[in-house]
Amino acid sequence: MLVSAVPFLIAAAPLELGPEVFAGTMGWRLLTNGAVIYVALGELGEKHYLSFETGMTEYDVGLGLAAVGLVMFFRNFDEDFDRSLFWRPKRGKQHGRDCWTDENIWAKGITKDDEIWGWVEYTRPTYFPTDIMT
């Protein structure tokens, strides 16, 4: 249910759900899938082409590949990226404030004024740092 609800929550408040929700959902699915597969393989019985041992071995290999992918994912970030965002939340208003005041231009080929105007055009007004804007 959590995995099904997250897209709706993102649509309702797009800047409030950050990387920690993504990381939590992935971790939740990895943990619960193991239990579901264990129970499901036990219910298949020996009359099915997929035995319990073969199914658990395939799941363990898949879980190992997911761990390798996770390590590759975390090793290929930009040097300036804050990895702690995946376990320490950063709310949408703070993210908007940081983007607004950041001297770096996040998009390529535009000026900072164009980038800020893009925020004004495409972001909900509740996430604007009104004290900085005025």
Worksheet, complete the sentence: Expressed as a whole-number percentage, the relative contact order of segment 92-133 with C-alpha contacts under 8 angstrom and at least six residues apart is 53
Worksheet item: So how do 21-31, 59-69 stack up, highest first, on mean other-Cβ count within 10 Å?
Response: 21-31, 59-69
Worksheet, complete the sentence: Measuring from the longest principal axis of the C-alpha atoms of the chain, the long axis of helix 52-75 (C-alpha) lies at a number of degrees, nearest 10, equal to 20
Worksheet, complete the sentence: Ratio for the chain, C-alpha Rg to 2.2 N^0.38 Å, reads 1.50
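Nearest 500 deg cm²/dmol is fine: what mean residue ellipticity at 222 nm does the chain get from its DSSP H runs of n ≥ 4 alone, each adding -39,500 (n - 2.57), divided by its residue count?
Per the formula, -21000 deg cm²/dmol.
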Worksheet item: Would you list His95, His48 from fewest to most Cβ contacts within 10 Å?
Response: His48, His95
Worksheet, complete the sentence: The extension gain from Trp106 to Ala40, computed as 0.36 nm times the residue separation minus the Cα-Cα distance, is 19.1 nm
Response to the item:
Scalar couplings 3J(HN,Hα) for segment 39-46 by Karplus 6.51 cos²θ - 1.76 cosθ + 1.60 (θ = phi - 60°), nearest whole Hz, x for Gly and Pro, are 5, 5, 5, x, 7, 5, x, 8
Fill in: Normalised contact order of the chain, rounded percent, pairs of Cα under 8 Å and 6 or more residues apart
30
Response to the item:
Fewest to most Cβ atoms within 10 Å: Trp119, Trp87 sort as Trp87, Trp119
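Every number here is computed from the coordinates shown, using simple stated rules; none is lab data. What you see is a predicted model; the values in this text were computed from it and never measured. Glycine also receives a Cβ, built like all others from the backbone with ideal geometry; neighbour counts cover every protein chain displayed.
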